[in-house]
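See below for the structure under consideration.
The values are calculated or read from the model by the stated rules, or taken from the named source; none is laboratory data. All of these numbers come straight from a predicted model, not from anything done at the bench. With ideal geometry, Cβ positions are generated from the backbone for all residues, glycine too; neighbour counts draw on all protein chains shown.
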Amino acid sequence: MKNVPMKIEQFGFNTWFLDRIDPTKLIDHQIARVTTVNKDSYSINNGKGDVSAELTGRLMFSADSPLDYPATGDWVIAQYYDKDSFAIISEIVPRKSVLKRKTSGKKVEFQLIAGAFHNIVDT
């Protein structure tokens, strides 16, 4: 997989995910995996270590439901800044699978628990 750091393959990244990414986006962005979600802040890892990240305004405001936000385990496209000490997430790589649960209450809504478990649920 050209232009993909070897270390993220160890996290479960493979050609299934790479085939769903526009290669031109990797010119100035990197692939990373979401390792932690805490309300509006994220930690992501591109194979070099965890980095604090936030979402682009476009990604935040185009979300129709909580399922449209990154979850722990998701692969994302991010641009790194300040000597790779901070990143902005611009896109979620399409998920192969998700782990979700129904939210409390009568209204049928779901809460995403984790995404992109390709390395665990491999088909």
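Structure values in brief
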read-out	value
Of all residues making up the stretch 63-81, the number that are under 21 Å from Ile8 (Cβ atoms), out of contact with any Lys or Arg (no Cβ under 6 Å at 6 or more places or on another chain) and not in a loop (DSSP other than H, G, I, E, B)	5
Count of residues meeting criterion [assigned to a loop (DSSP other than H, G, I, E, B) and out of contact with any helix residue (DSSP H, G or I) (no Cβ under 6 Å at 6 or more places or on another chain)] in the stretch 1-25	11
Residue in the stretch 26-46 that is in a loop (DSSP other than H, G, I, E, B) and touching a helix residue (DSSP H, G or I) at 6+ places or on another chain (Cβ under 6 Å) present	no
Asp84, sole failed condition from (1) buried (at least 16 other Cβ atoms within 10 Å of the Cβ); (2) acidic (Asp, Glu); (3) assigned to a loop (DSSP other than H, G, I, E, B)	(1)
Every pair of residues 6+ apart whose Cβ atoms lie under 8 Å, when the first sits in the stretch 39-55 and is more than 16 Å from Gly12 (Cβ to Cβ) while the second is part of a strand (DSSP E or B) and acidic (Asp, Glu)	Asp40/Glu54; Ser41/Glu54; Tyr42/Glu54; Ser43/Asp50
Residues being hydrophobic (A, V, I, L, M, F, W, C) and in contact with a Ser or Thr (Cβ under 9 Å, 6 or more places away or on another chain) - total across the stretch 17-62	7
Restricting the stretch 75-113 to residues that are touching a Ser or Thr at 6+ places or on another chain (Cβ under 9 Å) and of a type in the set (D, E, K, R), the residue that is modelled with the lowest pLDDT	Glu109
